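The values are calculated or read from the model by the stated rules, or taken from the named source; none is laboratory data. Here the structure is a predicted model, which means the values were calculated and not measured. Note: ideal-geometry Cβ built from the backbone for every residue, glycine included; neighbour counts use all protein chains shown. The area values use the complete protein model at the heavy-atom level, side chains included, leaving out ligands, DNA and RNA. Shrake-Rupley method; radii C 1.70, N 1.55, O 1.52, S 1.80 Å.
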Amino acid sequence: MDGKIQSDTTVVMNGNRITRVARSTRLKPKAGQVIDAHGEYLIPGLWDMHTHVYFDSTAADGTDLVLPLFLANGVTGIRDMGSALDPVLHARDEIAAHRLFGPRMLVSGPMLDGPKSHYKAAIAITTPEDGRKAVDMLKSRGVDFIKVQSGVPREAYFAIADEAKRVGIEFEGHVPDAIRASEAVAAGQHTFEHLIGIFEASSPDETKYLTGKKTVGIFLATYDSGLEAYIIQLLAKNQVWQCPTLYWERGQWLVDAIDYTNDPDLAYAAHTWVTKHWPAAQKGILKTLDTDPLPIREKFVAHELDIVRKLHTANVPFLAGTDTPAGVDVIPGISLHLELQRFVAAGFTPLQALQTATLNPAKFINRLNDFGTVQPGRIADLVLLEANPLDDIANTRKIAAIVTDGRYLSQQDLTRLRIKLKQLAATK
């Protein structure tokens, strides 16, 4: 996927695989369904690489609202970063068998967090032995990777890293509060989520943060460009993937300045999210995270974009992810398109932004032969657009049709689906 437009092209699918891609004049299919996509643009299916389908207060909506919302918006694959174990494993397997409607899933099951974790979709870890047992249990249940959260104790973190390496499973997620970013790199952590660890490593006070208080105001006041350059070089050298969740980050730090009641897509959010969960989350964020004055937080949001720009310039690899449906006004499926727009705001070209949700996920999971491009042999996860996303990344929302694991959803199918999801959201 190099951004070159291949005009006058026909794509042939058989089952769930692409079998041929060639000039339309050379391909005249004699059987099967023929879709006239004249004037439209075909891209690989999109991935949201940071989701929580069966997570705490929104878990009950995972199957009939959250999962279909992804497909309704062209998201044909997701990486679930923390959900109740049994429901998420069941959903992954049922979707693969075409018995449940949703995107293909890579799952961690519950997150590994500290002894005082307030998340339901988490395993409380106190000792190194707790960490090893959790890794072994999750591996035996068939999860795709291990997710570490911010509260994991220091010695337990290194035990988790060691056990994950021993049993052959990647571990990904937050750089825990008790760990330096450089230590996470050395331990083999596969991803950094939300840019956590990079802020701390860009300050001479990094060691104090291991036990002390952290606020965005402190980060900005102690920021050292030389230290930032060092951690960026280290991440580039080791090719540690970044999933910055920029749309969610902006919404989190500016939670008191953004009026989500004006969101034109609000009808797709469950009624209880809007009236109950989001207001509670707002209060919680303002009490525990957004304690600095709004101008400081606005400066930090711009600082995050600058970090992403520098990481990208250094060839650190990126994944698009949203943290949906956790947080405030991060609606499944829709938020992925808004995330791509934030990448462009951080200096990515539209093509580079698009690759964070198509080509890069395929590279990340080492399945370039299956995903990420429109080529023979690839799985038929595709999105047909009415306008060119390389002209304007917002055009990824102008969806004409979707192919998910070989199944075609027309514009009419998508319209009916979206009407149904709006009706369902209003009752939840």
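Structure notes:
- Kirkwood Rh and Cα Rg combined as Rg/Rh, the stretch 282-428: 1.01
- Rg/Rh for the stretch 345-428, where both radii come from Cα atoms and Rh is the Kirkwood radius: 1.03
- Overall form of the stretch 40-160: prolate. Here a/c, set by the Cα gyration tensor axes a ≥ b ≥ c, is 1.5 or more, and a/b is the larger of a/b and b/c.
- Accessible area in square angstrom per residue, the stretch 299-428, 1.4 angstrom probe: 35 Å²
- Surface composition of the chain: carbon plus sulfur atoms contribute 51% of the solvent-accessible area (1.4 Å probe, protein chains only, all chains present).
- Amide H to amide H distances under 5 Å link Arg20 with Val12, where only residues 5 or more positions off or on other chains count and H is placed in the peptide plane.
- The overall shape of the stretch 99-220 is prolate: from the C-alpha gyration tensor, with semi-axes ordered a ≥ b ≥ c, the ratio a/c is 1.5 or greater and a/b exceeds b/c.
- 5 angstrom amide H check on Glu170, placed H, neighbours 5+ away: Ile146
- With the charge dipole of the chain set up from +1 on Lys and Arg Cβ and -1 on Asp and Glu Cβ about the Cα centre, the Cα lying farthest toward the positive end among the listed residues Ala96, Ala156, Val240 is that of Ala96.
- Per residue Cα convex hull volume in Å³ - calculated over the chain: 132 Å³
- Listed by chain and number, the aspartates and glutamates whose C-alpha is less than 12 Å from the C-alpha of Lys147, apart from same-chain residues fewer than 8 away, are Asp80, Asp113, Glu170, Glu172, Glu193.
- Degrees, to the nearest 10: 154-167 long Cα axis against longest axis of the chain: 40 degrees
- Violating pairs (Cα-Cα greater than 32 angstrom) within the set Lys116/Lys276; Lys208/Lys363; Lys276/Lys310; Lys133/Lys287: Lys208/Lys363; Lys276/Lys310; Lys133/Lys287
- Charge tally for Ile331 (other residues, Cβ to Cβ under 10 Å; Lys, Arg +1; Asp, Glu -1): -3.
- Gyration tensor verdict on the stretch 288-368 (Cα atoms; rounded if a/c is under 1.5, prolate if a/b is larger than b/c, oblate otherwise): oblate
- The residues of the stretch 214-288 present an accessible area of 48 Å² per residue when probed at 1.4 Å with all protein chains retained.
- Sites listed here are trypsin sites (Lys or Arg not before Pro) in the stretch 8-115 whose DSSP assignment is loop and whose Cβ has at most 10 other Cβ atoms within 10 Å: Lys30, Arg99.
- Note on the chain: with charges restricted to the Cβ of Lys and Arg (+1) and Asp and Glu (-1), its dipole about the Cα centre is near 1100 debye.
- Debye equation applied to the C-alpha atoms of the stretch 230-322, log10 I(q)/I(0) at 0.11, 0.13, 0.16, 0.17 Å⁻¹: -0.43, -0.58, -0.80, -0.86
- Positive contributions from Lys and Arg (+1) and negative ones from Asp and Glu (-1), summed over other residues with Cβ under 11 Å from the Cβ of Pro153, come out at -2.
- The residues of the stretch 73-123 have, on average, 37 Å² of accessible surface per residue, using a 1.4 Å probe with all protein chains present.
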